[in-house]
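Data block below; observations after.
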Amino acid sequence: MTKASLDVRANIALAMGAIAGAFSLSASADVTFSGEFGVQQRYYLQDALYPTQPRAQGSLFLQPSLYTEWNEGYDSLVFTPFVRLDQEDSERSHADIRELLWLHAADNWELRVGIGKVFWGQTESLHLVDIINQTDAVESVDGEDKLGQPMVSYTWLHEYGSLSAYVLPYFRERTFSGLEGRLRPPVPVNTDKPLFESDDEESNVDFALRWQQSINSWEVGVSFFHGTNREPELIGTLNEMGEQELLPFYRQINQVGIDVLNVSGDWLWKFEAIYRAAETDNAISPAMGVPLTPESEAIDYFAAVGGFEYTLVGFMETTYDLGILMEYQYDERDNNFFAPAQNDLMLGVRWALNDQDSTEVLVALIQDLDDTNSRGGFIEASSRMTQNWRWTLEGYFFAAEDPLKPLYFVRQDDHIQFGVEYFF
């Protein structure tokens, strides 16, 4: 049985025990069934850097969703599984439970139990404060696809803001492309042998708090997280065959974050910042006794991203809207595979046609301000073809000449992905 299968089974067991009673109460209620199915074809513009990697990569995905509510809408249940089948990369073929969540709402509080998805943040180019859910890194390079997180959360609603507390009893490990996949380090990551600083490993109980409030034209969020870092450190070692491999090491951390959004006419001002500190200054893996290269990995660090989006409504006397985006990215870490934006500037344009097909295009360039030869770019576009069908286009582009830059390892992984999706 694969590790992905074990994760899914563990998530089911954790969630089902908590919501079994709620499901029986909702058995007589109406159930809404919806979801999406898609076919995607990815094409890489350059030959692969590493052997066995493909030039083209096709895949299918299915994400159905069941929703029901009862008790006059005060209780609800949602179940959203996800399946991806990839033509080339066996690690990208995986299944997950994105949501299996019971929600009970009262006049001034809400309780959620099961497997859920929680998003924190405001900025476009990076989501620094968003830490509850683990990134599903084999889905896309933008980091916006997340694995379902087992949780119990309680939210208190008050005129002075909402305060949410989270208990996270099970940790989800990050997914990585396999040996046949692209967008990976030169040495493959062995996800079957993860290392944890906590003796409880994936059963370590994490905690989080978040306060959020709307103040006139401002949206402010302040958060705290204590538990297993969602970003692993990668340790180089040799396997039983004497071949090089990377092992993910998950450290215990504390993180304080703030995110701010200000709406001022046609202007959106956005900001996120975090300070992340390790529970210990241990630079040696207790499980292996292998140095974790502290000279290239800041254990405690500050990171921030901020900028604006200005929308030209009815651009040039048309029905189109043209948005101008700019964000500055800063990170104290140097040459970290998961943090390529130490001192970078994003410039982008969002074009919304405001037509009945909801056609929209976003193009952006992210330039390293310390190295003019290091940059990335992306394009995202979508439009409906009918009420149930939509096409999507994504493109990601990388450039780096310095071997110490994180983008150097994916410098030949520029790709365009076209997809057709059906909503039901």
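The values are calculated or read from the model by the stated rules, or taken from the named source; none is laboratory data. These figures come from a predicted structure and were not determined experimentally. Counting neighbours? That spans all protein chains shown, and the Cβs are built from the backbone with ideal geometry, glycine included. The accessibility values were calculated without ligands, DNA or RNA, using every heavy atom of the protein model including side chains. Shrake-Rupley method; radii C 1.70, N 1.55, O 1.52, S 1.80 Å.
With helices as the sole contributors, the chain gives -2000 deg cm²/dmol at 222 nm; each DSSP H run of n ≥ 4 counts as -39500 (n - 2.57), and the sum is divided by every residue.
The 1.4 Å probe gives accessible areas that order 371, 300, 89, largest first, as 300, 371, 89. Computed from the C-beta positions of residue 237 and residue 275, the FRET efficiency with R₀ = 41 Å rounds to 0.85. Taking every Cα-Cα distance in the range 75-202 and sorting them into 5 Å bins starting at zero, the pair-distance distribution P(r) comes out as 2, 9, 15, 18, 19, 16, 10, 5, 3, 2, 0 percent.
Residues in the chain average 47 Å² of solvent-accessible surface per residue, probe 1.4 Å, ligands and nucleic acids excluded.
For the range 130-274, the fraction of alpha-carbon pairs lying more than 24 Å apart is 45 percent, rounded to a whole number. Peptides 411-419, 126-134 ranked from most to least packed, by the mean per-residue count of other Cβ atoms within 10 Å: 126-134, 411-419.
In plain terms, the chain from residue 43 to residue 416 could stretch by 133.7 nm, reckoned as 0.36 nm per residue minus the Cα-Cα distance.
Computed from backbone phi with θ = phi - 60° and the Karplus coefficients 6.51, -1.76 and 1.60, the 3J(HN,Hα) list for the range 119-124 is 10, 10, x, 9, 7, 8 Hz; x is used for glycine and proline. Checking the cross-link pairs 270/405; 146/270; 146/193 against a 24 Å limit on the alpha carbon distance flags 270/405 as lying beyond it.
Measuring with a 1.4 angstrom probe and ignoring ligands and nucleic acids, residue 349 comes out at about 60 Å² accessible.
Quick check on the range 172-218: take the gyration tensor over C-alpha atoms, sort the square-rooted eigenvalues as a ≥ b ≥ c, and tell me if it's rounded (a/c under 1.5), prolate or oblate. Verdict is oblate for the range 172-218.
Measuring nothing but how far apart in sequence close Cα pairs (under 8 Å, 6+ apart) lie, relative to its length, the range 3-423 scores a relative contact order of 12 percent. Its Cα gyration tensor gives the chain an equivalent ellipsoid; the semi-axes, largest first and in whole Å, are 31, 29, 25.
Accessible surface of the chain, 1.4 Å probe: 58 percent of it comes from carbon and sulfur atoms.
Over every pair of different alpha-carbon atoms in the range 334-424, take the mean of 1/r and invert it; report that Kirkwood radius in Å.
Across the range 334-424, the inverse of the average 1/r is 14.8 Å.
In this label model, residue 108 and residue 404 are separated by 5.6 nm, measuring between points 7 Å along each Cα→Cβ vector.
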